[in-house]
1. Under 9 Å between Cβ atoms, at least 6 apart or on separate chains: pull out the pairs that start in region 81-101 with a residue that is farther than 20 Å from Val61 by Cα and in a loop (DSSP other than H, G, I, E, B) and end on any residue that is of a type in the set (A, V, I, L, M, F, W, C) and open to solvent by less than 30 Å² (accessible area, probe 1.4 Å).
2. For region 39-56, which residues satisfy the criterion of being in contact with a helix residue (DSSP H, G or I) (Cβ under 6 Å, 6 or more places away or on another chain) and either among the basic types (Lys, Arg) or in contact (Cβ under 8 Å) with a residue 40 or more places away in the chain (or both)?
3. How many residues, within region 43-73, are more than 16 Å from the chain's Cα centre (by Cα) and either modelled with pLDDT of 80 or more or polar (S, T, N, Q) (or both)?
4. Quick check, is Leu15 part of a helix (DSSP H, G or I), open to solvent by 70 Å² or more (accessible area, probe 1.4 Å) and either modelled with pLDDT under 90 or touching a Gly at 6+ places or on another chain (Cβ under 6 Å) (or both)?
5. Could you check region 107-136 and list, in sequence order, the residues that are of a type in the set (S, T, N, Q) and open to solvent by 10 Å² or more (accessible area, probe 1.4 Å)?
6. Would you mention how many residues in region 102-136 are not in a helix (DSSP H, G or I) and not polar (S, T, N, Q)?
7. With the requirement that a residue be part of a helix (DSSP H, G or I) and surrounded by fewer than 19 Cβ atoms within 10 Å (Cβ to Cβ), what does region 58-76 give you?
8. Report, by residue number, each residue of region 21-41 that is surrounded by 19 or more Cβ atoms within 10 Å (Cβ to Cβ) and within 17 Å of the chain's Cα centre (by Cα).
Amino acid sequence: MTNNCCTCKPKCTILGITASVIIGIVASLLTVTGNLTLPLPFVWTLFGVAIGFLGVTLLSVSLVRNSYVRECICSTLPALFTGIFGTILTAAVLITIDIAAASVLGAIVTGLLLLFFTLTLTTGACLAKCIAGCGD
């Protein structure tokens, strides 16, 4: 994840990935112990937010004309798209397949959903920071 842009270091993206993994693990543990359950309307909301993020990201990236900023964006986009598509996929799994919330498989999928959604939010913030031209 090297880039030539001195104002947009990949540190923001790495911090976002780290926070996402921690939240995903904690969510899985809380789900398997029965302390966390995600109602279906919440899963639908995460699905819709991920679709919205995809549209806004594609629009905002296409409007950036500065090649200096484009170099910064390229280090953040893979993590952002991983978060968006991971959120869409895991939400679709939870919506379509009836997985017992207290099962190990349900806990893993719930943890993955929250991991990917957190990754979407944190790397979306990193992308906005890069487009705005702010440093770390």
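The values are calculated or read from the model by the stated rules, or taken from the named source; none is laboratory data. What you see is a predicted model; the values in this text were computed from it and never measured. Positions of Cβ are generated from backbone atoms using ideal geometry, with glycine treated the same way; all protein chains shown enter the neighbour counts. Areas reflect the complete protein model, heavy atoms only, side chains present, ligands, DNA and RNA absent. Shrake-Rupley method; radii C 1.70, N 1.55, O 1.52, S 1.80 Å.
1. Correct list of pairs: Ile97/Val109; Ile99/Val109; Ala101/Ala107.
2. Going residue by residue through region 39-56, those that are in contact with a helix residue (DSSP H, G or I) (Cβ under 6 Å, 6 or more places away or on another chain) are 43, 46-47, 50, 53-54.
Those that are in contact with a helix residue (DSSP H, G or I) (Cβ under 6 Å, 6 or more places away or on another chain) and either among the basic types (Lys, Arg) or in contact (Cβ under 8 Å) with a residue 40 or more places away in the chain (or both): Val43, Leu46, Phe47, Ala50, Phe53.
3. Keep residues of region 43-73 that are more than 16 Å from the chain's Cα centre (by Cα), which gives 59-72.
Okay, now just the ones that are also either modelled with pLDDT of 80 or more or polar (S, T, N, Q) (or both), so 59-63, 66-67.
Total satisfying the criteria: 7.
4. On the way: part of a helix (DSSP H, G or I): yes; open to solvent by 70 Å² or more (accessible area, probe 1.4 Å): yes; either modelled with pLDDT under 90 or touching a Gly at 6+ places or on another chain (Cβ under 6 Å) (or both): no.
No: the conditions fail for Leu15.
5. Within region 107-136, the subset of a type in the set (S, T, N, Q) is 110, 118, 120, 122-123.
Within region 107-136, Thr110, Thr118, Thr122 qualify.
6. Number of matching residues: 5.
7. Taking region 58-76 first, the residues part of a helix (DSSP H, G or I) are 58-63, 67-76.
Correct list: Leu58, Leu59, Ser60, Val61, Ser62, Leu63, Ser67, Tyr68, Val69, Arg70, Glu71, Cys74.
8. Gly24, Ala27, Ser28
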